[in-house]
Amino acid sequence: MARKRRNRILVPEARAGLDQLKAKVAGTSNPDQAKFEAAKEVGVPLEEGYNGRLTSVEAGKVGGRLGGGMVKELVKMAQENLSKNK
């Protein structure tokens, strides 16, 4: 049975903020270039357009680098907000 993708933003207005966070995590100023910067850092030959030759391990390295970094940054921000509110 095919799995249904639920990888969407629940609050569309948050798109700009998430894009900024993605760029920050990747170390670039352009969110559109974030995945290419992350791929370069982990040694994955990601290019514009079709990348069907990439293995799932290679694709996971790029997505994991970005997604994991974003989660870490969000947790850090939440901890800072909690400590300010005490």
What are the residues in the range 4-36 that are part of a loop (DSSP other than H, G, I, E, B) and surrounded by 13 or more Cβ atoms within 10 Å (Cβ to Cβ), if any?
Thr28
Looking only at residues in the range 37-58 that are touching a residue at least 12 places away in the same chain (Cβ under 8 Å) and assigned to a helix (DSSP H, G or I), which one is nearest to Leu18 (Cα to Cα)?
Ala38
Among residues of the range 7-60 being among the β-branched types (Val, Ile, Thr) and closer than 22 Å to Val75 by Cβ, the residue farthest from the chain's Cα centre (by Cα) is Val11
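Read-outs: derived from the displayed coordinates by stated rules, not from any lab. Keep in mind it's a predicted model, so treat the numbers as computed, not measured. All Cβ positions, glycine included, derive from the backbone under ideal geometry; neighbour counts span all protein chains shown.
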